[in-house]
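Below is one structure; the comments refer to it alone.
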Amino acid sequence: MQTSEPVQTSEPVQTPQTAHDAWRAGRRAAVTAPTGNLSLVETRWFAGDVDADEAARRVAAEREAAPEGVTVTPVERKNISSGRAEHGLRVWNAHAPAIAAFAEIETFPFDPNWIIDAEFTPVSADRTVPFEHIRDAGGSRDLVVPGDITFERDGQRFTLAAFDDAGQLLLVFGDPTNGKGDATGTYGSGRFLFVEREASQFGEPGRVRLDFNRAFVPPCGFSAQYNCPMPPAQNRLPWPVLAGERLPRFTGGFDIYTV
């Protein structure tokens, strides 16, 4: 019996533009998810010397009592003065007002000129850089910076600090677009950018790529319940970075700070 050969179909070739479009769609899905940035409605820190076991009991009790669509998770930080562990919880609402009012994340058009090759140079494993955080009233928290990221643009050489965010290099940077009120304005406290580098390679020098088209609005741009780091002095770039996300846009005059 003669059988026919299967029809060979080719998948669409992904271009930088279509890859960028897919990234934007993924970002929208992430921030609107039941535990995405827009759904965070409360961050509550337990008062007193609550240890990890007691914190776990309190979180479990809150989770048990939570209504449908609400998720309760533990959160931990170090006291900004003493370094002592502090425990708390976060409440995520899949039907949060911010999700209902969310329209889009305004974004610059994709521009390949904002994909920049850089060099990663590891540093001592105990090196930290003080990062001021948006809700710490001018205080700073020391974050581990595995290495320096160096690149050149417009005849200038820059060395940036990206910290270790749970095994990923996270660059917190600022530029003159931050807080501008025109069509080039971006989130006032700076933006974030993940740098592709495996945690196992933090101790090895090598090339990295900074794709500023994937610069994104930090979580605190979607909920006032986050405490985001702000760019240190060495991460403030002198020219406008006209790439990546600009600002979240909401309908009906919604404001995350008046919820």
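The values are calculated or read from the model by the stated rules, or taken from the named source; none is laboratory data. Quick caveat, the model's predicted, so the values are computed rather than measured. Heads up, the Cβs are rebuilt from the backbone with ideal geometry, glycines too, and the neighbour counts pull from every protein chain shown.
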Query raised in the report: Is there a residue in the stretch 131-140 that is at pLDDT 95 or above and loosely packed, with under 15 Cβ neighbours inside 10 Å?
Result: no
Report summary line: Condition set touching a residue at least 12 places away in the same chain (Cβ under 8 Å) and not aliphatic (A, V, I, L, M), scope the stretch 55-76, selection farthest from A30 (Cα to Cα): answer is R58
Query raised in the report: Do we have any residue at all in the stretch 76-89 that's in contact with a Leu (Cβ under 8 Å, 6 or more places away or on another chain) and either farther than 30 Å from H20 by Cα or loosely packed, with under 13 Cβ neighbours inside 10 Å (or both)?
Result: no
**Report entry** Residue tally, condition under 23 Å from A137 (Cβ atoms) and in contact (Cβ under 8 Å) with a residue 24 or more places away in the chain, over the stretch 236-259
**Finding:** 4
Report task. Please indicate, with yes or no, whether at least one residue in the stretch 209-225 is at pLDDT 95 or above, surrounded by fewer than 14 Cβ atoms within 10 Å (Cβ to Cβ) and in the same structural domain as V129 (by TED's automatic domain parsing). Result -> yes
Report task. Could you grab me the full set of residues in the stretch 232-259 that are surrounded by 12 or more Cβ atoms within 10 Å (Cβ to Cβ), modelled with pLDDT of 95 or more and β-branched (V, I, T)? Result -> V241, I256
Report task. Consider D126 carefully, then state whether it is free of Cβ contacts under 8 Å to residues at least 24 places away in the same chain and over 24 Å from A233 (Cα atoms). Result -> no
Requested in this report: Would you mind telling me which numbered condition in (1) crowded, with 21+ Cβ neighbours inside 10 Å; (2) closer than 20 Å to E106 by Cα; (3) out of contact with any His (no Cβ under 9 Å at 6 or more places or on another chain) T184 fails?
Outcome: (1)
Requested in this report: Output yes when any residue across the stretch 215-223 is polar (S, T, N, Q) and more than 26 Å from D21 (Cβ to Cβ), and no when none is.
Outcome: no
Query raised in the report: Considering only the stretch 169-204, how many residues are at pLDDT below 95, of a type outside the set (D, E) and part of a loop (DSSP other than H, G, I, E, B)?
Result: 3
Query raised in the report: Among (1) among the hydrophobic types (A, V, I, L, M, F, W, C); (2) under 21 Å from G36 (Cα atoms); (3) free of Cβ contacts under 8 Å to residues at least 12 places away in the same chain, where does A233 come up short?
Result: (2)
**Report entry** Answer residue from the stretch 104-115, given it is within 19 Å of the chain's Cα centre (by Cα) and of a type outside the set (F, W, Y) and is farthest from E196 (Cα to Cα) among those
**Finding:** E104
Query raised in the report: Which residue, of G138, G174, is in contact (Cβ under 8 Å) with a residue 12 or more places away in the chain and of a type outside the set (D, E, K, R)?
Result: G174
